[in-house]
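Report on the following structure.
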Amino acid sequence: MMKEIVKAMLLLMLSVISIQCSGTKSAYNILSSNDISEIQNYLDRAHPDDPKNSLLKKRIIELKNNAWTKRSADSRSIEARPVMVQKSFIEDVDSDKFEKLLQSDKINHKDKTVDFLNEMFNNNRDSPNAILFVKNHSHCNTILHIKEGVEEHDLAVPHDGENFIVLEKGKYTISGSICGAKYEKIKNLDHGIYITLKL
């Protein structure tokens, strides 16, 4: 009788340990997963207060943007679009407009670079122009709208990338959206400015 009780207790303890190990393994696997569907399914079932939610949302954005970038690199077509998931978190940039702006930058790359270098090595403080350089540390592509009076410009800045524009000196309103979060700043461009975008 005593042996049967001991066996039953051992079986119960092994079952509990097995359940705990499988739960730990599952949590570990989802954090290291590269499967977008698996991560999305986990997020759909997860408790709203699950601490892994924010990490997994960033992970899914990174995976989808990487997949989109790879498709764009493999094909010269500008029709490829990033797959959208939760609108409150993922980038809401117009992908067609973003691609067209990047294509325009490539076409005008030589002229842009000349303007940039001229301004960079211009020691004349009375120069009418200044450089606005933007580094995007977020996981989302973004378009910055730059405005001073009637003068308006759009600047496409890739995720984990950078871009620049040479502008006439003045006070500019710079606005856009970074992974769904609104961005708006007023910058006095009386000299070169470096802006870092983070989520």
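The values are calculated or read from the model by the stated rules, or taken from the named source; none is laboratory data. Everything numeric in this text was worked out from a predicted model, so none of it was measured. Note that we place each Cβ from the backbone using ideal geometry, even for glycine, and neighbour counts take in every protein chain shown. To get the accessible areas, we keep the full protein, side chains included, count just its heavy atoms, and leave off ligands, DNA and RNA. Shrake-Rupley method; radii C 1.70, N 1.55, O 1.52, S 1.80 Å.
Observations on the model:
- Low-density loop positions, chymotrypsin sites (Phe, Trp or Tyr not before Pro), region 103-150 - DSSP coil, at most 10 other Cβ in 10 Å: F121
- Surface accessible to a 1.4 Å probe, I131 within the full protein complex, Å²: 20 Å²
- Shown here for region 118-161: trypsin sites (Lys or Arg not before Pro) in loop regions (DSSP other than H, G, I, E, B) with at most 16 other Cβ atoms within 10 Å, namely R125.
- Other-chain or far-sequence residues with amide H under 5 Å of I178's (modelled H): Y183
- Pairwise FRET efficiency - K58 versus T196, Cβ, R0 = 22 Å, nearest 0.05: 0.80
- What the Cβ-Cβ distance of V150 and M120 gives, at R0 = 25 Å and to the nearest 0.05, is a FRET efficiency of 0.35.
- Computed from the Cβ-Cβ distance with R0 of 35 Å, the FRET efficiency linking H47 to D94 stands at 0.55.
- When L199, L31, L63 are compared by accessible surface with a 1.4 Å probe, the order from highest to lowest is L199, L31, L63.
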